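Nothing in this text is a laboratory measurement; each read-out follows from the coordinates by a stated rule. Values in this document were obtained by computation on a predicted structure and should not be read as measured data. A quick note on method: Cβ atoms are made from the backbone with ideal geometry, for glycine too, and the neighbour counts reach across all protein chains shown.
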Amino acid sequence: MNVRPTSPYLNYRFAYTMLLSFSHRIAGVAMAIGLLALSGWLFAAASGPGPYAALIALYSGWLFRLVLCAWLLAFLFHFANGIRHLLWDAGKGLEKSQARSSALVVVIWTVLAFALCLWVLL
Amino acid sequence: MSLRTPLGSVLGQGTAKSGVHHWWMQRVSAVALVPLTVWLLCSLLRLPLGNFVLVAHWMSTGWRPLWLVLTVLVMAWHSALGVQVVIEDYVHGKLAKPLLLMAANFFHVVVAATGVFAVLRMALRSY
């Protein structure tokens, strides 16, 4: 009874579309933690100019800036790959070749959108 | 004690009609987040985030408090559903699994409540 069958997730032959699948989850979990930063930002703003300035000082540190960039990257990727998932759920693009080309579209979108965001921010 | 197997006792009963609920809610929240997150990201990129007065004005005027509340709630909902699946898939400890699932739920409820409280406080403040 203790040994239950598990999903054979370690037995697949590697395909690069798998990377997007892992990354989708990793990006999602990363953004779950990012909710803390979003709510923290709203809360600090509602608390007045003093607390808000303190929060902006915290968010402006180079380490935190790096984390914010990582969240931005995670969002842009998860957003596009999520739409890819929704299209699959609608029964579209399920062929292997289509899944590969849509993966490429997601990666290119992520890189370009990330570059555009950084350009706007800097 | 019954001699019937667990399978035998459920065969022929039909489904509980709730099997796809979690899956469907994940999709519903995902679709809702497409416009909401685009709006939030575009707003954040254009806001002078260091300027308290401008940020406070942005947060509390027009329909923005409503969009912000919706965005925070749907984000937390979508995130809670997703993190739940990740925990269910990768954590198998008898104690760790229920504790982590519970902690994830607490986390999402607290984060959502804090965000909504903050937006309402800002939008309804009287000064």
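Structure notes:
- Positive-end ranking of B:Leu73, B:Val10, B:Leu49 along the dipole of chain B, with charges on Cβ about the Cα centre, is headed by B:Leu73.
- Helix A:62-89 vs. chain A, principal-axis angle (Cα, 0 to 90°, nearest 10): 40
- Cα lying deepest toward the dipole's positive end in the protein assembly as shown, options A:Leu19, B:Leu95, B:Ala113, charges on Cβ: B:Leu95
- Gyration tensor verdict on region A:34-122 (Cα atoms; rounded if a/c is under 1.5, prolate if a/b is larger than b/c, oblate otherwise): prolate
- Paramagnetic label reach from A:Ala53 (point 7 Å along Cα→Cβ; backbone nitrogen cut-off under 18 Å): within region B:91-123, no residues.
- Three-way shape label, the protein assembly as shown, alpha-carbon gyration tensor, a/c 1.5: prolate
- Placing unit charges on the Cβ atoms only, positive for Lys and Arg and negative for Asp and Glu, gives the protein assembly as shown a dipole magnitude near 260 debye about its Cα centre.
- Counted as membrane-span-like here are DSSP H helices of chain B whose alpha-carbon atoms extend 18 Å or more along the helix's own axis and whose Kyte-Doolittle mean is 1.6 or above; these are B:96-124.
- Here the spin labels are modelled as points 7 Å beyond Cα on the Cα-Cβ line, and at B:Asn51 and A:Leu94 they lie 5.2 nm apart.
- Within the listed set A:Ser21, A:Ser60, A:Ser47, the Gaussian network model of chain A (springs between alpha-carbon atoms below 10 Å) gives the highest mean-square fluctuation for A:Ser47.
- Relative to the dominant Cα principal axis of chain A, helix A:49-59 is inclined by about 40°.
- Cα-based helix-to-principal-axis angle, A:16-46 vs chain A, degrees rounded to 10: 20
- Centroid-to-centroid, using Cα positions, region A:43-73 and region B:60-74 are 20 Å apart.
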